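Since the structure comes first, as structure tokens, the remarks are kept for the end.
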Amino acid sequence: MAKKTLSEFITVLENHNELVRIKEFASPKLEVAEITDRIVKSGGKALLFENNGTKFPLLINAFGSENRICHALGVNNLEEISNEIDMLFKKVVSSKSGLAEKVKFLPVLNELASWMPKTVKKKGVCQEIIMAKPDINLLPVLTCWPNDGGPFVTLPVVHTVDPNTGIRNVGMYRMQVSSSEMTGMHWHLHKNSARHFNEYKKLGKRMPVSVTLGGDPVYTYVATAPLPDNIDEYIFAGFLRKEKVKMVKCLTNDLEVPGDVDFVIEGYVDPAEDLINEGPFGDHTGFYSLPELYPRFHITCITHRRNAVYPTTIVGIPPQEDAWLGKATERIFLSPIKLAMQPEIVDMNMPVEGVFHNLVILKTKNDYPGQGKKIINGLWGAGQMMFTKVMIAMNDRTDIFDYKNILKLILNDVDFAEDIIFSKGPDDILDHSSEKYAYGGKIAIDATTSDYKKVIPVEINKNEILAQFSEIVEVNSDLCQDEIPMAVISFSKNKVDHHLVIAEKIRSDNFSSGLKCIVFVDAQVDVYELKDIAWLVLNNIDPGRDIRFIENTMIIDGTRKTKEFDNFKRSWPNVIVSDDATIKTVDEKWLRLGLGEFIESPSLKYKKLLWPGGAEAE
């Protein structure tokens, strides 16, 4: 149900023992992020930093568990929302030819109407306080990681309007603070607000933009939801909160925002202006996104409610808080995908290691030949699913959350020549491994006919391999013991196609038999940390370039790509870790934070993955 304020949500979390108030000073510059990274990765609670150098408390990790995302959306479990969408859709599309049926449909129409946003003429509580001179630096905006280009607003709900149709869009695009009255506006080229920007540019007009923070946590979620262009996010918010959103007009532009949010940052973007350099930023892929040019957002007014709370988040090496926002989308939008696009889909899984767009696993029906391939190709053309780099279709007898069993089925049963599809298409712009910016290779595996009917016996002589190849650091063949014919090899690449040369020699010189997949990673990678292997490899491959076959063995190059050995012409980003000084500072104040037993910095584990250089690897 609806929560009137962010403070009400905080009370709900406290009542369920899901929040810790931190009274010890913690700086928004690096310290809050380092503390939060430790808490998130250990499965900890939401954090309210009450002493951060500003007058506004800072809330973070509020969505960082299944319980908390359910509290935010007002449900006991996420399946409730998907089931409700399913039932509503059936009511809407059912036949209403007779008078009795039409009368029965009236309550549905009333329910739909009750979710429509409503504009009120009076000011909202979000406008109780008007800054005499807008200054975004008065808010506890985070600098999350040491190589970030500056402070970033990370949970902004950005409001724009199509100048031709008047249709509103609500999205979430990070904002790098460059002065007290200006930020960047990082809307990706595929996003609706970027399209609005281009329309304003054609018209030669300034583009009004308003940003909100806080209020009902549903507002934050709907800004991330993959809704069709013609669906107002605040209708969806009304459906989720079971109460219409009351909108108020902004003070310095004509946009409307929910009247009960904590902050409103009003302004404009001028398409006639030069773009501003934005970034680097430690992104949700676990790597820095490198500097690019984006529009300037000029702030004309900042208002807030009394006792406002500043909501924020960090992203970085998974898992992070955003994984639960993604899991909510996976569960909630499964029903619409089935109803509107692919009714043969039974279930869907977007593993956190795939950072949303790198891996999707489907459970599907298998009623006729080629059905799995039909589903795959359909999804690659559907909305944000177009960014999916690796897609796997399994039959409806498979547990798609059992990753070892999935590998077992694929590597023992799938016909690589028949059941693997390579394609090219739009990529998420944060994909650093694609040959071209925002465009690259994709792979799909149709394993819908697999039932693990055969086992491939595997033999591998690890000691002989290590003795033969000085460039190989370690070989992990443990999965072979689980009837998964796969090995992971870490090595130092020093020539073109080095991994293929090694793979060919391993096969031809009888160091192994029966292997169906060899994954190569960089020398500093721990080959026994399989979740990290999945995260790194999925980020580091362009399937069309980095997946090859030597007879019936799949060879995957999950290493960093360089111009010297891979003819890779784009910049390569570094992984995201805290700096030593911040880690030491947090170590020293940990006991005073009231967060319980000491938790070591996750960055210590990942520092070995750093390449020389800053955000950009040298």
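The values are calculated or read from the model by the stated rules, or taken from the named source; none is laboratory data. Worth saying up front: this structure is predicted, and the values here are computed from it rather than measured. Positions of Cβ are generated from backbone atoms using ideal geometry, with glycine treated the same way; all protein chains shown enter the neighbour counts.
Out of the helices (runs of 4 or more DSSP H) lying entirely within the stretch 531-596, which hold 2 or more residues that are farther than 23 Å from GLY613 by Cβ and at pLDDT 95 or above? Talk me through it step by step, then tell me what you get.
Working: elements: 543-546, 563-566, 580-593.
The qualifying helices (runs of 4 or more DSSP H) are 543-546, 580-593.
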### Top-ranked residue in the stretch 205-224 [being assigned to a helix (DSSP H, G or I) and hydroxyl-bearing (Ser, Thr, Tyr); ranked as nearest to GLU273 (Cα to Cα)]
THR224
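Quick one: which residue in ILE465, ILE445, ILE429 is touching a strand residue (DSSP E or B) at 6+ places or on another chain (Cβ under 6 Å) and either farther than 29 Å from ASN510 by Cβ or assigned to a helix (DSSP H, G or I) (or both)?
Working: ILE445 fails: either farther than 29 Å from ASN510 by Cβ or assigned to a helix (DSSP H, G or I) (or both); ILE429 fails: touching a strand residue (DSSP E or B) at 6+ places or on another chain (Cβ under 6 Å).
After ruling out the rest, the residue left standing is ILE465.
Let's see how each residue does on (1) surrounded by fewer than 19 Cβ atoms within 10 Å (Cβ to Cβ); (2) modelled with pLDDT under 95:
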| position | (1), (2) |
| --- | --- |
| ILE299 | no, no |
| THR329 | yes, yes |
| GLN371 | yes, yes |
| ASP399 | yes, no |
### Query
Which one is surrounded by the most Cβ atoms within 10 Å (Cβ to Cβ) among residues in the stretch 436-465 that are more than 30 Å from THR398 (Cβ to Cβ) and among the basic types (Lys, Arg)?
LYS462
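Does CYS250 fit the bill of being without any contact (Cβ under 8 Å) to a residue 60 or more places away in the chain and within 30 Å of LYS202 (Cβ to Cβ)? Please lay out each step first, then the result.
Values: without any contact (Cβ under 8 Å) to a residue 60 or more places away in the chain: yes; within 30 Å of LYS202 (Cβ to Cβ): yes.
Yes: the conditions hold for CYS250.
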### Summary
Filter the stretch 478-501 for residues that are over 31 Å from the mean Cα position of the chain (by Cα) and free of Cβ contacts under 8 Å to residues at least 40 places away in the same chain; the one that is surrounded by the most Cβ atoms within 10 Å (Cβ to Cβ) is CYS480
#### Entry: Qualifying position, being of a type in the set (A, V, I, L, M, F, W, C) and in contact with a His (Cβ under 6 Å, 6 or more places away or on another chain), among PHE469, PHE511, PHE520, PHE491
PHE520
### Message
So for the stretch 250-262 (the condition being under 30 Å from GLU353 (Cβ atoms), of a type in the set (Asp, Glu) and either assigned to a strand (DSSP E or B) or not assigned by TED's automatic domain parsing to the domain that holds HIS71 (or both)), does at least one residue qualify?
### Response
no
### Query
Under the condition of being under 25 Å from GLY64 (Cβ atoms) and of a type in the set (D, E, K, R), which residue from the stretch 211-242 is surrounded by the most Cβ atoms within 10 Å (Cβ to Cβ)?
ASP216
### Message
Between LYS327, LYS374, LYS365, which is within 15 Å of the chain's Cα centre (by Cα) and not hydrophobic (A, V, I, L, M, F, W, C)?
### Response
LYS327
### Task
Could you identify the single residue in LEU227, LEU189, LEU240 that is under 24 Å from the mean Cα position of the chain (by Cα) and not in a loop (DSSP other than H, G, I, E, B)?
LEU240
### Summary
In the stretch 466-476, anything out of contact with any helix residue (DSSP H, G or I) (no Cβ under 6 Å at 6 or more places or on another chain) and surrounded by 20 or more Cβ atoms within 10 Å (Cβ to Cβ) is listed as ASN476
